[in-house]
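Please read the structure below before turning to the comments.
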């Protein structure tokens, strides 16, 4: 694998002028990738590289995830400098709306904007790790579709860093189709989307950090498309994303992802359909009385669903909303937070809840017309909770 090296210039001065909003946005985006507890102090810094061609590159790297943002600047003297990233982000955000002059003065970086002037101590550029280059191009995906799919699927990704496999999103790439899948053992989410591969015969599976995917999806939408790069053979396995001057690379998670796809039922003979917004609002209200780790109960009968929480001497709540039912009447219960997160991720006017048995997971999916689950439909499988009768 090749790397981007730090370009060292003669002399000790770096000098450039940049638009205030451009600087603030570039530093803020790059600083999002900085580790909260860097193993060495220099990893809390961002690398500013001013090139003679009028490009300012703001970079960060923690040996796992790199971020690089290229923006225009008026460069008088090119060079590189490393400064504390979060502090620079806060300063850039607070500057007045005027051009920003940045100049290296010995071992200190002077930032001047109108009447404001800040001076930051720099970090040794020699101690900063070299940034990985983007891997070979794998294809291009529509930014809007990718954003929607990632935000839906990462809802189910694990948050427990002691189980790193489950904090990732499984990407199955087969020709012109990408399947994203995530689970935290209590729920499972899946979404398929189309893309334009560089090679239509591509067939691979990778496990990507959920946080990296979320950051990419949220911040790389302006250019309309996202270029995806992959390195999966030999050495470190890396995925890269590039759009609108922003570049991110991330090491892939190693390990065998659990075979969760088989958990999706082949069919759900009993299913209900309700207005997504009505079910969300009702569940939120009823969940107000649900104590910690207690479920909300849903009873589906012909033409309605009854939501309940609390029992005995506890606070209680119930609400009835319209819902169509196909099949036998059914009562089940769910963790209210996980149920609501699934409903919010559906993204369609109506939601279909498919059942095989009251004690088996429910399959939530968007439903507009028809009952068939076609390509591109978001699927959310949620485990029920036992409850006292």
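Nothing in this text is a laboratory measurement; each read-out follows from the coordinates by a stated rule. Since this is a predicted model, take the numbers as computed values, not measurements. So basically every Cβ, Gly included, is an ideal-geometry build from the backbone, and we count neighbours across all protein chains shown.
The table below gives the values:
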| item | result |
| --- | --- |
| Orientation-averaged projected area, Cα convex hull of the stretch 140-205 (nm²) | 4.4 |
| Relative pair counts by distance (%), Cα atoms of the chain, 10 Å bins | 5, 21, 24, 20, 16, 10, 4, 1 |
| Cα centroid of the stretch 65-105 to Cα centroid of the stretch 297-322, whole Å | 56 |
| Full-stretch length increase - residue 266, residue 186 - with 0.36 nm per residue and alpha-carbon distance subtracted | 26.9 nm |
| Rounded FRET efficiency, nearest 0.05, which uses the C-beta distance separating residue 233 from residue 281 and R0 of 51 Å | 0.55 |
| Highest average packing first - 225-236, 39-50, 250-261, Cβ atoms within 10 Å | 39-50, 225-236, 250-261 |
| Extension gain (nm, one decimal) between residue 329 and residue 348, 0.36 nm per residue minus Cα-Cα | 4.4 nm |
| Value at 222 nm in deg cm²/dmol, rounded to 500, when DSSP H runs of n ≥ 4 in the chain each add -39,500 (n - 2.57) | -5000 deg cm²/dmol |
| Residue 163 versus residue 37: modelled label distance in nm, points set 7 Å from Cα along the beta carbon direction | 2.1 |
| Residue 256-residue 202 FRET efficiency (beta carbon distance; Förster radius 25 Å; 0.05 resolution) | 0.75 |
| Peptides ranked, highest mean first, by Cβ atoms within 10 Å: ranges 87-99, 22-34, 202-214 | 22-34, 202-214, 87-99 |
| Fluctuation leader among 18, 362, 320 - the chain, Gaussian network, Cα springs under 10 angstrom | 320 |
| Ranked by how many other beta carbons lie within 10 Å on average, peptides 310-316, 142-148 from highest | 142-148, 310-316 |
| The stretch 24-106 - convex hull of alpha carbons, volume per residue in Å³ | 99 |
| Among 105, 161, 308, residue whose mean-square fluctuation peaks in a GNM of the chain (springs only between Cα atoms under 10 Å) | 161 |
| Extended-chain gain in nm, criterion 0.36 nm per residue less alpha-carbon gap, residue 107 and residue 291 | 60.6 nm |
| Cα-only radius of gyration and Dmax that characterise the stretch 274-329, units Å | 11.7, 35 |
| FRET efficiency, residue 341 to residue 172 (Cβ-Cβ, R0 30 Å, nearest 0.05) | 0.85 |
